[in-house]
Amino acid sequence: MESCPCGASLPYSECCEPFIRGTKPAPTAEALMRSRYTAYTKSEVDYIIRTTHPDQRKQDSENNIRQWAQKSVWHQLEILDTVGGGSEDPAGTVEFMAEYSESGERIKHHELAQFKKENGTWFFWDGGPPKPKQFIRQTPKTGRNNPCPCGSGKKFKKCCG
């Protein structure tokens, strides 16, 4: 039994394959996201196009999708967050990290994907980079004239600053 590339700990035949083969619709935005990742790993370009919202299909050609899917070596999918996208929701977002290699270089693709549900069917709408999370300092900032935190006895500006 082949495990599913989406990382859901299920056999491919019980996880993403029914969605890709069209025998069962993806029940949630996350399930569609996982199955689309799996479709890229298996170069199932028809599924990728079929699950892209009809209004968005002109953005990438079938040939470009096929070339990218085939020349990439897919390693892992990690779902970081899902907002909405449940079986009763009209829309949802899935934040994910997909790792793949292209021309020998390992790449981490971090995306916030938007999905829409129309007539009971989930579609990929658009994707882009997530907003950067603001860094929150846990300790007070060291002033340039304060003693250096390294313990040298010098002012921060004359030492590590």
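The values are calculated or read from the model by the stated rules, or taken from the named source; none is laboratory data. This structure is a prediction, so every number in the text was calculated from the model and none was measured. In this analysis, Cβ positions are derived from the backbone assuming ideal geometry, glycine residues included, and neighbour counts consider all displayed protein chains. Note: accessible area is taken over every heavy atom of the protein model, side chains too, but ligands, DNA and RNA are not part of it. Shrake-Rupley method; radii C 1.70, N 1.55, O 1.52, S 1.80 Å.
Which one is surrounded by the fewest Cβ atoms within 10 Å (Cβ to Cβ) among residues in the stretch 49-67 that are at pLDDT 90 or above and among the hydroxyl-bearing types (Ser, Thr, Tyr)?
This residue is Thr52.
Output the number of residues of the stretch 119-129 satisfying the condition of being loosely packed, with under 11 Cβ neighbours inside 10 Å and either in contact with a Pro (Cβ under 9 Å, 6 or more places away or on another chain) or farther than 26 Å from His53 by Cα (or both). Working first, answer last.
Step one: list which residues in the stretch 119-129 are loosely packed, with under 11 Cβ neighbours inside 10 Å, which gives 119-120, 128-129.
Next, from what is left, pick out any that are either in contact with a Pro (Cβ under 9 Å, 6 or more places away or on another chain) or farther than 26 Å from His53 by Cα (or both): 120.
Total meeting the criteria: 1.
Within the stretch 90-108, restricting attention to residues that are touching a strand residue (DSSP E or B) at 6+ places or on another chain (Cβ under 7 Å) and open to solvent by 60 Å² or more (accessible area, probe 1.4 Å), which residue is nearest to Glu30 (Cα to Cα)? Before the answer, list the steps.
Step one: filter the stretch 90-108 for residues touching a strand residue (DSSP E or B) at 6+ places or on another chain (Cβ under 7 Å), giving 90-102, 106-108.
So of that shortlist, the ones also open to solvent by 60 Å² or more (accessible area, probe 1.4 Å) come out as 90, 106, 108.
Working: Pro90: 13, Arg106: 24, Lys108: 19 Å.
Across the stretch 90-108, the extreme among qualifying residues is Pro90.
So which residues in the stretch 14-39 are in contact (Cβ under 8 Å) with a residue 40 or more places away in the chain and not in a loop (DSSP other than H, G, I, E, B), if there are any at all? Give the steps one after another, and end with the answer.
So the first thing to find is which residues in the stretch 14-39 are in contact (Cβ under 8 Å) with a residue 40 or more places away in the chain, and the list is 25-34, 36-37.
Within the stretch 14-39, Ala29, Glu30, Ala31, Leu32, Met33, Arg34, Arg36, Tyr37 qualify.
Out of the residues in the stretch 130-161 that are assigned to a helix (DSSP H, G or I) and of a type in the set (D, E, K, R), which is most open to solvent (accessible area, probe 1.4 Å)?
Start the filter on the stretch 130-161 by keeping residues that are assigned to a helix (DSSP H, G or I), which leaves 156-158.
Going one step further and asking which of them are of a type in the set (D, E, K, R), we end up with 157-158.
Details: Lys157: 81, Lys158: 151 Å².
Per the criteria, the residue is Lys158.
Would you point out which residue out of Gln70, Gln114 is open to solvent by 70 Å² or more (accessible area, probe 1.4 Å) and either hydroxyl-bearing (Ser, Thr, Tyr) or closer than 22 Å to Ala26 by Cβ (or both)?
Working: Gln70 fails: either hydroxyl-bearing (Ser, Thr, Tyr) or closer than 22 Å to Ala26 by Cβ (or both).
Answer to the check: Gln114.
With the checklist (1) over 24 Å from Thr23 (Cα atoms); (2) not in a helix (DSSP H, G or I) in hand, flag the one item Asn63 doesn't pass.
Of (1) over 24 Å from Thr23 (Cα atoms); (2) not in a helix (DSSP H, G or I), only one is false for Asn63: (2).
Would you please name the residue that is nearest to Ile48 (Cα to Cα), looking only at residues in the stretch 9-30 that are crowded, with 19+ Cβ neighbours inside 10 Å and among the hydrophobic types (A, V, I, L, M, F, W, C)?
Here the answer is Ile20.
Given the residues Met33, Met1, which is the only one that is surrounded by 21 or more Cβ atoms within 10 Å (Cβ to Cβ) and not hydroxyl-bearing (Ser, Thr, Tyr)?
On the way: Met1 fails: surrounded by 21 or more Cβ atoms within 10 Å (Cβ to Cβ).
That would be Met33, the only listed residue that is surrounded by 21 or more Cβ atoms within 10 Å (Cβ to Cβ) and not hydroxyl-bearing (Ser, Thr, Tyr).
Please go through the stretch 89-110 and give me each residue that is modelled with pLDDT of 95 or more and not in a strand (DSSP E or B), ordered by number.
Asp89, Pro90 - these are the residues of the stretch 89-110 that are modelled with pLDDT of 95 or more and not in a strand (DSSP E or B).
Exactly one of (1) touching a helix residue (DSSP H, G or I) at 6+ places or on another chain (Cβ under 6 Å); (2) without any contact (Cβ under 8 Å) to a residue 40 or more places away in the chain is unmet by Leu10. Its number?
(1)
Looking at Tyr40 and the list (1) at positive phi; (2) in contact with a strand residue (DSSP E or B) (Cβ under 8 Å, 6 or more places away or on another chain), which single condition is not satisfied?
(1)
Consider Ala113 carefully, then state whether it is touching a residue at least 12 places away in the same chain (Cβ under 8 Å), assigned to a strand (DSSP E or B) and not charged (D, E, K, R). Full working, then the answer.
On the way: touching a residue at least 12 places away in the same chain (Cβ under 8 Å): yes; assigned to a strand (DSSP E or B): yes; not charged (D, E, K, R): yes.
Answer is yes for this residue.
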